[in-house]
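Asks: Have a look at this one.
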Amino acid sequence: MSPDLAGLFSYFMIFIILLFICGAYCIAATFNMVRAMIGLELLIKAATLLIILAGYLCGRSALAQAIVITLIVIEIVVMVVAGGIILWAFRHNESIDPRKLSNLKG
Amino acid sequence: MLINLILLFVLLSAAVWTVMTTRLIRSIVGLAFTSAVLAAVIYRLNSPLAAVFELSVCAGLIPVIFITTVSFTHRISKEELPVARKERLVRFRYLPFIIIAAGLVLSWCFKIPQFNLPAAGPKEDVRNIIWYLRHLDLLGQIVILLAGAFGVVVLFKEDK
């Protein structure tokens with residue numbers, strides 16, 4: 001790997017790891033389901049950046065873009081269904097705090 | 001290289017602000033801004049189509065989904081607000097320190113891995129990749145979209 005690409009890889013990787021920590025902390029520390037979704041979004045953004053970086057370094061940007069487009073479609077569906085689940089939980093429990101989901105079976 | 005570094009700093013700062021801010025609407029705006037900055041980074045990494053998708057979908061559509069979700073749930077009462085803010089501050093106060101500490105540790109001890117990258121092939125067109133090489137992905141995307149639509153219909157089905 002050339003020194004330029006190696007430098008690019010190292011500092012991008014540091015920021016990707018920090019972004020991942022940020023998203024993981026958000027999911028771990030919150031009791032609000034919307035905030036958990038926001039944390040999940042941040043994790044997906046870190047993964048997106050990692051895929052694009054890998055494509056750039058390997059000279060296969062087109063393939064990386066195709067994979068990222070698929071990832072974005074999956075992200076949308078996950079967010080829409082998660083939003084639906086949050087609204088469902090709110091209708092039944094009057095709260096979006098997962099600790100108050102007391103009427104689940106099982 | 002400097003522009004990339006500045007963009008990455010802005011991206012991380014926006015992400016931390018998104019997580020730390022108390023109001024959900026501000027948090028959603030922060031997420032949209034994070035997506036917009038990420039789109040700029042992706043564009044600079046020679047991926048314009050993915051950048052356009054990131055900008056239009058992740059910075060445009062997903063915040064709308066979030067805002068719709070938040071608008072259907074209730075506002076926190078004025079009596080509950082100070083308690084909730086205090087609780088949040090206690091839980092999230094460590095994040096900036098963790099990020100700074102992790103950044104310092106990583107920048108100090110991050111070893112550049114020694115691996116050989118594959119030789120760059122001929123310049124590929126993303127449309128050819130999507131339509132010919134990864135065409136099963138398109139089928140998967142259609143199935144996932146239908147599954148999502150079905151999931152939402154089931155979630156909002158009225159009880160008889």
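Bear in mind these aren't lab numbers, they're just calculated from the coordinates by the rules spelled out. Model, not experiment: these values are computed from the prediction. No Cβ is skipped: glycine too gets one built from the backbone with ideal geometry, and neighbour counts run over all protein chains shown.
Asks: What is the log10 of I(q)/I(0) for the protein assembly as shown, computed with the Debye formula using one identical point scatterer on each Cα and no solvent, at q = 0.07, 0.09, 0.10 Å⁻¹?
Replies: -0.28, -0.46, -0.57
Asks: Go ahead and set up a Gaussian network model of chain A, Cα springs under 10 Å, then flag whichever of A:Ala82, A:Ala29, A:Ala47 fluctuates most.
Replies: Judging by the Gaussian network model, the answer is A:Ala29.
Asks: Can you give the angle from 0 to 90° between the axis of helix A:61-93 and the longest principal axis of chain A, with both taken from C-alpha atoms, to the nearest 10?
Replies: Between the helix axis and the principal axis of chain A, the angle is about 10 degrees.
Asks: Subtract the Cα-Cα distance of B:Lys157 and B:Lys86 from 0.36 nm times their separation in residues, and report this length gain in nm to one decimal.
Replies: Stretched out fully, the B:Lys157 to B:Lys86 stretch lengthens by 21.8 nm.
Asks: When Cβ neighbours within 10 Å are restricted to other protein chains, what is their mean count per residue of peptide B:76-87?
Replies: Going residue by residue through B:76-87 and averaging, the value is 0.
Asks: Extent of segment A:3-99 along each principal axis, from alpha carbon coordinates, in Å, largest to smallest?
Replies: Per principal axis, max minus min of the Cα coordinates gives 56, 26, 9 Å.
Asks: Let me ask something else. Taking Cα pairs under 8 Å and at least six residues apart, what relative contact order does chain B come out at, in percent?
Replies: 15
Asks: Taking the mean number of other Cβ atoms within 10 Å as a proxy for protection, how do you rank B:19-31, A:60-72 from highest to lowest?
Replies: Numbers: B:19-31: 18.4, A:60-72: 21.8.
Averaged packing, sorted descending, gives the order A:60-72, B:19-31.
Asks: While we're looking at this one, here's another question. For chain A, what is the calculated [θ] at 222 nm in deg cm²/dmol (nearest 500), taking -39500 (n - 2.57) for each run of four or more DSSP H residues and dividing by its residue count?
Replies: For chain A, the value works out to -29000 deg cm²/dmol.
Asks: Hey, another quick one. Using a Förster distance of 25 angstrom, determine the FRET efficiency expected from the C-beta separation of B:Arg127 and A:Cys58, and round it to 0.05. Could you put the intermediate results ahead of the total?
Replies: Details: r = 20 Å, r/R0 = 0.78.
After rounding to 0.05, the efficiency reads 0.80.
Asks: Let me have the relative contact order for segment A:17-66, percent, based on Cα pairs under 8 Å that are six or more residues apart.
Replies: Taking the mean separation of contacting Cα pairs over the length of segment A:17-66, I get 29 percent.
Asks: Per-residue mean of other chain beta-carbon atoms within 10 angstrom of the beta-carbon, peptide A:93-99?
Replies: So the per-residue partner count for this stretch is 1.
Asks: How shielded is A:32-41 by partner chains, expressed as the average number of their Cβ atoms within 10 Å of its Cβ atoms?
Replies: 5
Asks: With equal scatterers on the alpha carbons only and no solvent term, can you work out the Debye log10 of I(q)/I(0) for chain B at 0.08, 0.18, 0.19, 0.21 1/Å?
Replies: Scattering profile of chain B, log10 relative to I(0): -0.41, -1.29, -1.31, -1.35.
Asks: To continue, here is another question. Name the residue farthest towards the positive end of the dipole of chain B from the options B:Leu2, B:Ala84, B:Val152, assuming +1 on Cβ of Lys and Arg, -1 on Cβ of Asp and Glu, about the Cα centre.
Replies: Of the listed residues, the answer is B:Ala84.
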